[in-house]
1. With a cut-off of at least 2 residues that are more than 19 Å from residue 126 (Cβ to Cβ) and without any contact (Cβ under 8 Å) to a residue 40 or more places away in the chain, name the strands (runs of 3 or more DSSP E) lying wholly within segment 1-48.
2. Going by the structure shown, is residue 57 touching a residue at least 40 places away in the same chain (Cβ under 8 Å), on the phi < 0 side of the Ramachandran plot and surrounded by 12 or more Cβ atoms within 10 Å (Cβ to Cβ)?
3. Can we say residue 127 is in a strand (DSSP E or B), in contact (Cβ under 8 Å) with a residue 60 or more places away in the chain, loosely packed, with under 12 Cβ neighbours inside 10 Å and touching a strand residue (DSSP E or B) at 6+ places or on another chain (Cβ under 6 Å)?
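FYI, it's all coordinate maths here, none of it is from the lab. None of these values were measured; they are calculated from a predicted model. So basically every Cβ, Gly included, is an ideal-geometry build from the backbone, and we count neighbours across all protein chains shown.
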């Protein structure tokens, strides 16, 4: 990030819904975290059992979950080498929709080769606690 970086303490409300063929999984976190902003670049991070970090740029979103990283780029599929507890796997991501404001909404799809594994709906809202 370039320029002046403002790091603020925030309260994060994070919801992730993974829709699979026959079931869905919901992940929820309400944690204290950090917001870093510089121009049109925003980073939100918080700790669970590992560091969760969402980096938002002009046309790219990068999701960090511990050592695992997924890149989402507007208008194109991205091949990711995703780190799991069982080793590294290739996952293709397709960004379907995103809305960035005080509430961040992201919808993307995960593919293993040509096969759709999951549709993911992520919603994250935050409130600044202090400067």
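1. Working: elements: 6-19, 24-38, 41-47.
Ranges flagged: 24-38.
2. no
3. yes
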